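Visitor: Have a look at this one.
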Amino acid sequence: MGNLNNCKKCDTKLDNHRAYLGYTECLDCSEVEHYSAHTVYPHKTGGFVQPVSKTTSNHLKSIDRRSTGKVRVGKTSGDWDRWLERYYHELYNPKPERKVIKEVCTIEHIDYDTLYNKSVLYYKDNGYQPTITWLKELNNKDKISLDNKSKVLNEINQLEVIPKRVRKWSLKIN
């Protein structure tokens, strides 16, 4: 038996730190499993490192949702094969092209200028509320478009909110 700072198995000189800690074998001859670490997160911002054995560390990494350093393997295998098979199937068996049948609208609406002039005349003769009802009826019967109806309603509303004397004067001009 040699020096106390030599390895028991290969008789090489031990590092002073290993000898101080009480180890009697060098790193090459030692059969003691190396420690590993696992990070524990009891709170989202407060993690700590826990020393564990290598096998325990690997097990914890496989079940921990925050594990790092190891890529998780999908539960199902063959995803790529199924995708590739579907891709080639769609490539060589294309779907039939869609046939678009365009229906031509035969409804002809009253143009905006004619509608505006008629509605102003109707407004002069009958008033605000009957004009609104008349425009709704024209729209329900598809005589005018919704866009033109809303434009004319805006014009009639603007006429209604101005003072009566100014309204009569502006209607004489039109």
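Visitor: Can you list the lysines whose alpha carbon is less than 30 Å from that of Lys44, not counting same-chain residues fewer than 8 positions off?
Guide: Filter leaves Lys54, Lys61, Lys70, Lys75.
Visitor: I would also like to ask the following. Could you compute how much accessible surface Asp142 exposes when probed at 1.4 Å, giving the result in Å² to the nearest 10?
Guide: Asp142 has an accessible surface of roughly 70 Å² with all protein chains in place.
Visitor: Any idea of the accessible area per residue across the chain, 1.4 Å probe, to the nearest Å²? Walk me through the intermediate numbers first.
Guide: Values: 15030 Å² over 174 residues.
Per residue, the chain has 86 Å² of solvent-accessible surface.
Visitor: Take the cross-link list Lys141/Lys164; Lys136/Lys164; Lys118/Lys168; Lys118/Lys164; Lys143/Lys172; Lys136/Lys168 and give me the ones stretching past 22 Å between alpha-carbons.
Guide: Numbers: Lys141/Lys164 32 Å; Lys136/Lys164 24 Å; Lys118/Lys168 17 Å; Lys118/Lys164 20 Å; Lys143/Lys172 27 Å; Lys136/Lys168 24 Å.
Violating the 22 Å limit, Cα to Cα: Lys141/Lys164; Lys136/Lys164; Lys143/Lys172; Lys136/Lys168.
Visitor: With every protein chain present, what accessible area does Leu121 have (1.4 Å probe, heavy atoms only), rounded to the nearest 10 Å²?
Guide: Its accessible surface works out to 100 Å², give or take rounding.
Visitor: Counting only helical runs of four or more DSSP H residues, what would the 222 nm mean residue ellipticity of the chain come to if each run contributes -39,500 (n - 2.57) and the total is spread over all its residues? Numbers along the way, then the final one.
Guide: Details: 7 runs with 84 residues, N = 174.
Taking each H run of at least 4 residues, the total per residue is -15000 deg cm²/dmol.
Visitor: Could you calculate the contour length gain from Leu171 to Lys124, that is, 0.36 nm times the residue separation minus the distance between their Cα atoms, to one decimal place in nm? Intermediate results must be reported in sequence, preceding the final value.
Guide: On the way: separation 47, 0.36 × 47 = 16.92 nm, distance 0.78 nm.
Here the segment from Leu171 to Lys124 would lengthen by 16.1 nm.
Visitor: Right, here's the next one. Angle check, please: helix 128-140 long axis (alpha carbons) against the longest principal axis of the chain (alpha carbons), in degrees 0 to 90, nearest 10.
Guide: That works out to roughly 70 degrees.
Visitor: Evaluate the relative contact order of the chain (contact order divided by residue number), counting alpha-carbon pairs under 8 angstrom at least 6 apart; express in whole percent. Each step should come with its number before you reach the end.
Guide: On the way: 106 pairs, mean separation 17.2, N = 174.
With pairs under 8 Å counted, the relative contact order is 10 percent.
Visitor: If you take the charge dipole of the chain about its Cα centre, with +1 on Lys and Arg Cβ and -1 on Asp and Glu Cβ, which of Cys10, Ile110, Ser57 is farthest toward its positive end?
Guide: Positive-most Cα among the choices belongs to Ile110.
Visitor: Can you send over the carbon and sulfur percentage of the accessible area for the chain, probe radius 1.4 Å, protein chains only?
Guide: 53
Visitor: A further question follows. Can you report the principal axis dimensions of the chain using only the alpha carbons, biggest first, rounded to whole angstrom?
Guide: 128, 55, 22
Visitor: Taking the 0 to 90 degree range and rounding to the nearest ten, how far is the long axis of helix 164-173 tilted relative to the main principal axis of the chain, both from C-alpha atoms?
Guide: 70
Visitor: By how many nm would the segment from Lys9 to Tyr87 lengthen if fully extended, with 0.36 nm per residue of separation less the alpha-carbon distance?
Guide: Working: separation 78, 0.36 × 78 = 28.08 nm, distance 6.16 nm.
Using 0.36 nm per residue and subtracting the Cα-Cα distance, I get 21.9 nm.
Visitor: Once you put a point 7 Å from the Cα of Leu21 and another 7 Å from the Cα of Asp111, both along the Cβ direction, what distance in nm separates them?
Guide: 9.6
Visitor: Also, quick follow-up: Based on the Cβ-Cβ distance of Trp134 and Lys95, what FRET efficiency does E = 1/(1 + (r/R0)^6) give at R0 = 45 Å, to the nearest 0.05?
Guide: Numbers: r = 51 Å, r/R0 = 1.13.
The pair Trp134/Lys95 has a calculated efficiency of 0.35.
Visitor: What's the magnitude of the charge dipole for segment 1-50 around its Cα centre, counting Lys and Arg as +1 and Asp and Glu as -1 at the beta-carbon? Answer in Debye, nearest 20. Numbers along the way, then the final one.
Guide: Values: 5 positive and 6 negative charges, 38 e Å.
The calculated dipole for segment 1-50 is roughly 180 debye.
The values are calculated or read from the model by the stated rules, or taken from the named source; none is laboratory data. Computed from a predicted structure; not experimentally measured. Positions of Cβ are generated from backbone atoms using ideal geometry, with glycine treated the same way; all protein chains shown enter the neighbour counts. Surface areas here come from the heavy atoms of the whole protein model, side chains and all, with no ligands, DNA or RNA. Shrake-Rupley method; radii C 1.70, N 1.55, O 1.52, S 1.80 Å.
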